[in-house]
Amino acid sequence: TYNEINKFYYPLALTSLIGLGVQPLVTFFVGQSRMALESLAVLPVVTSFVFIFRALGLSYQEVIIALIGEKREKFKPLLNFAIVLAVVLVVVLGLFAFTPLADFWFITVSGLSQSLAEFAELPLMIMFFFPALTVLISIQRGVLVAAKNTQPITVGTITEFLTIVITLTILIKHLNFIGAVAATIAFVAGRIASNIYLMHSTVRSLK
């Protein structure tokens, strides 16, 4: 029925709208931070590079939905593969974040100056394990969608959004953090908060 479609679809649509609002908000906060120009210059470079690895995790949500089975009987092998995927993504991104490969990406590929490349290194280090959090949230959302329980996904996104706002407010307005550092910490904190919130609903949907 249309009521069933709305009940299933509305939380997913709202989740997308809330997610789209994060980037403009972060840009607003970073623009008022310490070293705002440098932060605004490097933040898109860092986040777009991390997104290359996140995308592999984001796509795993569709795999969960398609293959988990009517009674979630295929969850264990899907989880095992997800663990391998998360480890590989974190290790490869970590090699770029903590070795001279960072200069190769930021200077040679992205065209940043030496000073901006050095400025971008700490934000990348902060986000190096973000792809693993993306794999986790893809598992959680996939399980919830397969169970036709989409409302927690919206609440989880709101939790992530509010955590990012609160973290940015504290770090930039009160602790005077550099903008790019505050933004990447906020991204990580928001995703962890969402992961934690979704854990209970995910476990219940697997039973």
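The values are calculated or read from the model by the stated rules, or taken from the named source; none is laboratory data. Everything quoted here is computed from the prediction, not taken from an experiment. All Cβ positions, glycine included, derive from the backbone under ideal geometry; neighbour counts span all protein chains shown. Keep in mind that these areas ignore ligands, DNA and RNA; they rest on the heavy atoms of the full protein, side chains included. Shrake-Rupley method; radii C 1.70, N 1.55, O 1.52, S 1.80 Å.
Per-structure values
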item	result
Complete set of residues in region 190-206 that are open to solvent by 30 Å² or more (accessible area, probe 1.4 Å) and among the aliphatic types (A, V, I, L, M)	I192, I196, M199, V203, L206
Selection from region 94-113 of residues that are of a type in the set (F, W, Y) and open to solvent by 50 Å² or more (accessible area, probe 1.4 Å)	F98, F104, W105
Selection from region 120-144 of residues that are among the small types (G, A, S) and open to solvent by 10 Å² or more (accessible area, probe 1.4 Å)	A132
Condition check for I158: touching a residue at least 12 places away in the same chain (Cβ under 8 Å) and open to solvent by 10 Å² or more (accessible area, probe 1.4 Å)	yes
Number of the condition not met by L116 [criteria: (1) open to solvent by less than 30 Å² (accessible area, probe 1.4 Å); (2) farther than 17 Å from I52 by Cβ]	(1)
Sole exception among (1) of a type in the set (K, R); (2) exposed (fewer than 14 other Cβ atoms within 10 Å of the Cβ); (3) closer than 30 Å to K207 by Cβ for K173, by number	(3)
Failed criterion for Q32 (all others in (1) exposed (fewer than 14 other Cβ atoms within 10 Å of the Cβ); (2) part of a helix (DSSP H, G or I) hold)	(2)
Unique match (being of a type outside the set (V, I, T) and within 13 Å of the chain's Cα centre (by Cα)) among L136, L171	L136
Failed item in (1) touching a Lys or Arg at 6+ places or on another chain (Cβ under 6 Å); (2) assigned to a loop (DSSP other than H, G, I, E, B), with L112 passing the rest	(1)
Yes/no for F187 being at pLDDT 95 or above, within 19 Å of the chain's Cα centre (by Cα) and farther than 16 Å from V203 by Cβ	yes
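Residues checked against (1) of a type in the set (D, E); (2) part of a helix (DSSP H, G or I); (3) at pLDDT below 90; (4) more than 20 Å from V181 (Cα to Cα):
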| residue | (1), (2), (3), (4) |
| --- | --- |
| N3 | no, yes, yes, yes |
| L12 | no, yes, yes, yes |
| G19 | no, yes, yes, yes |
| T27 | no, yes, no, no |
| F51 | no, yes, no, no |
| R54 | no, yes, no, no |
| Q61 | no, yes, no, yes |
